[in-house]
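The values are calculated or read from the model by the stated rules, or taken from the named source; none is laboratory data. Note that the coordinates shown come from a computational prediction; the quantities given were computed from them, not determined experimentally. Here the Cβ positions follow ideal geometry from the backbone for every residue, glycine too, while neighbour counts run over all protein chains shown. These area figures cover heavy atoms from the full protein model, side chains too; ligands, DNA and RNA do not enter into them. Shrake-Rupley method; radii C 1.70, N 1.55, O 1.52, S 1.80 Å.
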Amino acid sequence: MKTMNGEITKQTVAPECLQEHMGESVRIHGSIYKIRKMRGFAFVLLRTARQVVQCIYSEEKASFSLEELVEESCVIFTAEVVAEERSRTGYELHLLAVEVLSTPHEASPIVINNKLVDTSLENLLNYRPVTLRNEKERAIFKIQEGITFGIRKFLQENGFTEIHSPKIVYSGAEGGANIFRIGYFGREAYLAQSPQFYKQMMVGVYERVFEIAPVFRAEKHDTSRHLNEYTSVDFEMGYIESFEEIMQTETAMLRAVMAYLEEKYTHELELLAVKLPEVTEIPAIRFHEAKELVAKEYHREIKDYEDFEPEEEKLLCELIQKKTGSEFVFVTHYPSKKRPFYAMESAENNEVTESFDLLFRGLEITTGGQRIHSYEEQVAKMERLGMNLSLFESYLMMHKYGMPPHGGLGLGLERFTSKLLGQENVRRATLFPRDTGRLEP
Ligand code: AMO
């Protein structure tokens with residue numbers, strides 16, 4: 001009988017280690033990204049897991065014909081590693097032999113191996129399995145990986161426990177009409193709009209928790225900011241002294257994420273020419289003051305005293321950046337009417353909540369705040385709002401049996417990624433977006 005001892009030995013080298021093999025002959029696997037024929041030789045770009053490696057084909061050195069190479073075929077090359085200053089990596093591979101592992105059935109209808117995939121957003125998304133192979137397209141999601149790694153690292157180092165809560169739920173956490181109903185063995189259930197209830201419950205268990213997972217919103221409108229499924233980065237912490245502690249934690253988290261990207265993702269940041277924002281201090285402004293400031297500075301009439309229009313978010317960010325240099329701004333004390341039932345109201349004025357949004361480059365990327373932890377207070381508020389308490393018995397169990405003061409936040413990963421990378425549509429930063437018209441790929 002065969003046994004697996006966990007040892008992984010490969011016949012091919014890891015592209016990151018090529019530098020160590022200068023002057024030697026190596027075997028390397030990858031996909032043929034692009035073939036550019038020149039006079040007397042050809043550039044063959046090999047797409048490996050993270051890098052595109054420049055290879056040189058010449059009849060004198062190679063034991064095979066250039067015709068054997070087809071773009072998007074998967075190969076193992078035997079090649080010599082040669083120093084080359086003009087190559088982005090400082091070396092190139094001189095091809096000696098090839099082993100073709102597979103060839104494509106047909107050529108991609110979309111050209112994917114130019115600097116940019118020059119097509120409409122619709123096509124870009126329709127052909128996602130191939131368009132993502134473009135060097136710059138895939139860099140977006142490598143950076144997104146870096147964001148979640150950076151967040152995880154920061155939260156774990158700060159005493160947060162990672163949890164995984166259910167996505168099929170009994171009642172909606174965020175209210176509103178944007179909830180997906182599903183059949184559940186003869187009963188009605190919903191797709192989770194957020195892990196709100198569960199992360200709060202888990203504060204009673206671990207004190208500090210976080211989750212990075214999909215959530216579902218039945219948004220009926222196609223906008224550049226809304227998805228029907230997105231990845232929510234949630235954290236929740238107990239024993240807070242005020243909701244400002246959550247904003248402080250988010251500031252520190254963002255600072256750590258930028259440092260992490262700077263350290264580990266330079267390749268992709270350079271490819272996409274990304275300028276990371278500085279996160280030193282993030283200004284905080286009260287909601288009503290922000291509304292008035294934007295109205296005054298831009299001579300606008302305030303139409304809605306309880307919410308921001310998208311244009312106002314843009315203008316506020318522009319203004320704050322001009323005044324303070326910060327590309328982030330916290331807006332605090334949102335009106336109670338616009339916040340969910342679990343939001344804690346301010347002691348001095350129950351018309352506003354101990355809550356905040358974080359805006360970045362013109363867009364809301366986070367909502368957070370302190371929650372009601374007292375059972376009596378929570379029940380009273382739900383009754384005042386005319387809610388059916390019987391639907392929330394399991395949620396209220398934690399309040400009934402005791403909870404510390406606590407709060408947390410939810411950050412939209414795709415919104416954050418798209419703004420970080422300077423993209424106008426959140427779909428660009430979503431691997432396989434789900435919107436009103438899109439269920440595939
Ligand atoms: P909220 O509903 O504001 O708050 O959502 C939190 C963050 O999630 C992102 N977001 C979206 N991203 C893409 N498409 C959507 N349809 C969409 N809706 C929201 C935004 C937003 O700031 N439970 C609270 C969070 C908390 O208080 O802990 C909540 O879900 O970036």
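When a/c reaches 1.5 or more, the comparison of a/b and b/c decides; with that in mind, is the range 186-248 rounded, prolate or oblate per its Cα gyration tensor?
Working: a/c = 2.99, a/b = 1.55, b/c = 1.93.
Since a/c reaches 1.5 but b/c is at least a/b, the shape of the range 186-248 is classed as oblate.
So what's the net charge close to residue 436: Lys and Arg +1, Asp and Glu -1, counting the other residues with Cβ under 13 Å from its Cβ?
Neighbour charge sum, excluding residue 436 itself: +1.
Cα centroid distance between the range 192-229 and the range 64-78, in Å?
46 Å
Could you state the per residue volume, in Å³, of the convex hull enclosing the Cα atoms of the range 109-254? The partial results should precede the final answer.
Details: hull volume 23.3 nm³, N = 146.
Taking the convex hull of the Cα positions in the range 109-254, it is 160 Å³ per residue.
Given contacts defined as C-alpha pairs under 8 Å and at least six residues apart, what's the relative contact order of the chain, whole-number percent?
Answer for the chain is 13 percent.
Stokes-Einstein at 25 °C, 0.890 mPa s, Kirkwood radius from Cα pairs: D for the range 255-371 in µm² s⁻¹?
Taking Rh from Cα pairs, D becomes 158 µm²/s.
If you take the square roots of the eigenvalues of the alpha-carbon gyration tensor of the range 148-229 and sort them as a ≥ b ≥ c, do you get rounded (a/c under 1.5), prolate (a/b over b/c) or oblate?
Numbers: a/c = 2.74, a/b = 1.50, b/c = 1.83.
Taking the square roots of the gyration eigenvalues as a ≥ b ≥ c, the range 148-229 is oblate.
Would you kindly derive the ³J(HN,Hα) couplings of the range 39-53 from the backbone phi angles with the Karplus curve 6.51 cos²θ - 1.76 cosθ + 1.60 (θ = phi - 60°), listing them in order in whole Hz, with x for Gly and Pro?
Using θ = phi - 60°, the values come out as 7, x, 7, 9, 8, 10, 8, 9, 8, 9, 3, 10, 10, 9, 9 Hz.
Can you give the relative contact order of the range 1-119 as a percent, counting alpha carbon pairs under 8 Å and 6+ residues apart?
Here the relative contact order equals 23 percent.
Which residue, 58, 87, 319, has the largest displacement toward the positive end of the dipole of the chain when charges sit on each Cβ (Lys, Arg +1; Asp, Glu -1)?
58
Can you give me the P(r) profile for the range 177-312? Cα pairs, bins 10 angstrom wide beginning at 0, each as a whole percent.
9, 21, 34, 28, 7, 1
Could you list the GluC sites (Glu not before Pro) in the range 104-144 that lie in coil according to DSSP, counting only those with at most 14 other Cβ atoms within 10 Å of their Cβ?
Qualifying residues, ordered by number: 106.
Would you please name the chymotrypsin sites (Phe, Trp or Tyr not before Pro) within the range 210-273 that are DSSP coil residues with at most 13 other C-beta atoms within 10 Å of their C-beta?
Sparse-neighbourhood loop chymotrypsin sites (Phe, Trp or Tyr not before Pro): 239.
Solvent-accessible area per residue for the chain at a 1.4 Å probe radius, Å²?
The answer is 51 Å² per residue.
Would you please classify the overall shape of the range 293-337 from the alpha carbon gyration tensor, given that a ≥ b ≥ c denote the square roots of the eigenvalues, rounded means a/c under 1.5, and beyond that prolate means a/b larger than b/c while oblate covers the rest?
The shape class here is oblate.
Have a look at the range 66-117 and give its Rg and Dmax from the Cα atoms, expressed in angstrom.
When restricted to the Cα atoms of the range 66-117, Rg and Dmax are 13.7, 37 Å.
In the calculated pair distance distribution of the range 25-109, what percentage of Cα-Cα distances lie above 16 Å? Before the final figure, lay out the partial values.
Numbers: 1703 of 3570 pairs.
Tail of P(r) above 16 Å: 48 percent of Cα pairs.
Would you rank 120, 418 by solvent-accessible area, highest first, keeping every protein chain in place and using a 1.4 Å probe?
My answer, sorted largest first, is 120, 418.
Give the Debye-formula value of log10 I(q)/I(0) at each listed q (0.07, 0.09 Å⁻¹), with one equal scatterer per alpha carbon of the range 135-429, two decimals each.
-0.26, -0.44
Counting only protein heavy atoms, what percent of the accessible surface of the chain is carbon or sulfur at a 1.4 Å probe? Intermediate values should be presented prior to the final figure.
On the way: 11210 of 22590 Å².
C and S atoms contribute 50 percent here.
Apply the Karplus parameterisation 6.51 cos²θ - 1.76 cosθ + 1.60, with θ equal to phi minus 60°, to every residue of the range 137-145 and state each ³J(HN,Hα) to the nearest whole Hz, in sequence, with x for glycine and proline.
For the range 137-145, the Karplus curve yields 4, 6, 4, 4, 7, 6, 5, 4, 4 Hz.
Taking every pair of alpha-carbon atoms in the range 282-441, give the share separated by more than 27 Å as a whole percent. Spell out each step's value before the answer.
Values: 4820 of 12720 pairs.
Tail fraction, whole percent: 38.
Compute a Gaussian network model of the chain, connecting alpha carbons closer than 10 Å, and tell me which residue from 128, 88, 286 fluctuates the most.
Of the options given, 88 has the highest mean-square fluctuation.
Which semi-axes, in whole Å and largest first, does the equivalent ellipsoid of the range 55-154 have when worked out from the alpha carbon gyration tensor as the square roots of 5 times its eigenvalues?
Rounded to whole Å, the semi-axes are 30, 21, 13.
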